[in-house]
Amino acid sequence: MGDIGTHAAHLSEYITGAQITHLCADLNAMVPGRMLDDDGNVLLKFSNGAHGVLMASQVAAGEENALKIRVYGEKGGIEWAQHEPNTLLVKWLDAPTQILRAGGNYGDRLSSYATMNCRTPGGHPEGYLEAFANIYHNFAKTLSARIDGTEPTKEELDFPGVADGIRGMAFIDNVVASAQSDIKWTEYKI
C-alpha cells in the first residue's frame, strides 16, 4: 500500500473532492518470505457518503503500472487510466460512452485546471513525466506570486501540499491497522 495504494488513495480524494473517513483493509504477502504486503484490497467510505474499493497489487501477473480510477454517480460515471492519460471515458446511463481527450486546443470543453496543465495540442501524448512538471510548474508559479505579493490563481494552487502528504502517510498507517484488526470498519485517523 505504501508504494501503490497511497497514490490511488490520494487520486480518489483529489478527483472526488471527498476525504476517506473509514476503511476496511485486507493485506497479504503473496511471495514467500516477503516482509511487506504485496497485495491488498481496501473498502473505503468517503466524507460525502460515497463508498469505494481500492485494489493494489505487485503480484498481478501481466499488469504493468495499471493505475485506473472509476467514479460512479447518479447519472453516470467516469473512468481514467494512467496508461492512457489523455483519455477520460464518460459513461452515461442513457447515452453512449463519451470519450474526452486532453489537449491545449480543447479549452472550450475542458476545465480551467485541465487547460492550465495541458502543454500540447490534442493528439500529442502527455503523461507521467508531464504530471510532475505540472506540479513543479504550479508550485513555482505560486511561489513567484507570493514573492511578488500577488495572489496565485486557483489553478496555480493546484498541487499537493503538506496536508496531502500527511494524509498519504496516514493512509498507510490506517490500512495496516485495519488489516491487523478484527473490527470491520476502522475510522481514518490522521
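Residue separation of Asn65 and Ala140 scaled by 0.36 nm, minus their Cα-Cα distance, works out to 24.2 nm of gained length.
For the range 29-104, with equal point scatterers placed on the C-alpha atoms only and solvent neglected, what are the log10 I(q)/I(0) values from the Debye formula at q = 0.12 1/Å, to two decimals? Each listed q maps to, in turn, -0.50. For the chain, a Gaussian network of Cα nodes joined below 10 Å ranks Met35, Met55, Met116 by mean-square fluctuation, and the top entry is Met35.
With R₀ fixed at 45 Å, the C-beta to C-beta distance from Tyr113 to Gln58 puts the FRET efficiency at about 0.90. A run of the chain free of exposed loop cleavage sites, with GluC sites (Glu not before Pro) counted only in DSSP states other than H, G, I, E and B and at most 13 other beta carbons within 10 Å, reaches its longest extent at 75-190. Listed values for the range 92-102 are Karplus-derived 3J(HN,Hα) couplings in whole Hz (6.51 cos²θ - 1.76 cosθ + 1.60, θ = phi - 60°), namely 9, 5, 10, 8, x, 4, 9, 10, 9, 10, 7, and x replaces Gly and Pro. For the chain, the longest principal axis of the alpha carbon atoms and the long axis of helix 5-16 meet at an angle near 50°. Against the chain, whose longest principal axis is taken from its Cα atoms, helix 162-180 shows a tilt of about 20°. Note that the range 5-187 carries a Kirkwood radius of 18.6 Å, evaluated over its alpha carbons pair by pair. Here the simple spin-label model places points 7 Å from the Cα toward Cβ, and for Met30 and Ile15 these points are separated by 2.2 nm. The helix-only estimate of mean residue ellipticity at 222 nm for the chain, built from DSSP H runs of length n ≥ 4 each weighted as -39500 (n - 2.57), is -10000 deg cm²/dmol after division by the residue total. On the beta carbon distance between Val162 and Ala95, with R0 = 30 Å, the FRET formula returns roughly 0.10.
Rule-based calculations on the coordinates, nothing more; no lab input. Just so you know, these numbers come straight off a predicted model, no measurement behind them. Ideal geometry is used to build each Cβ from the backbone, glycine not excepted, and the neighbour counts take in all protein chains shown.
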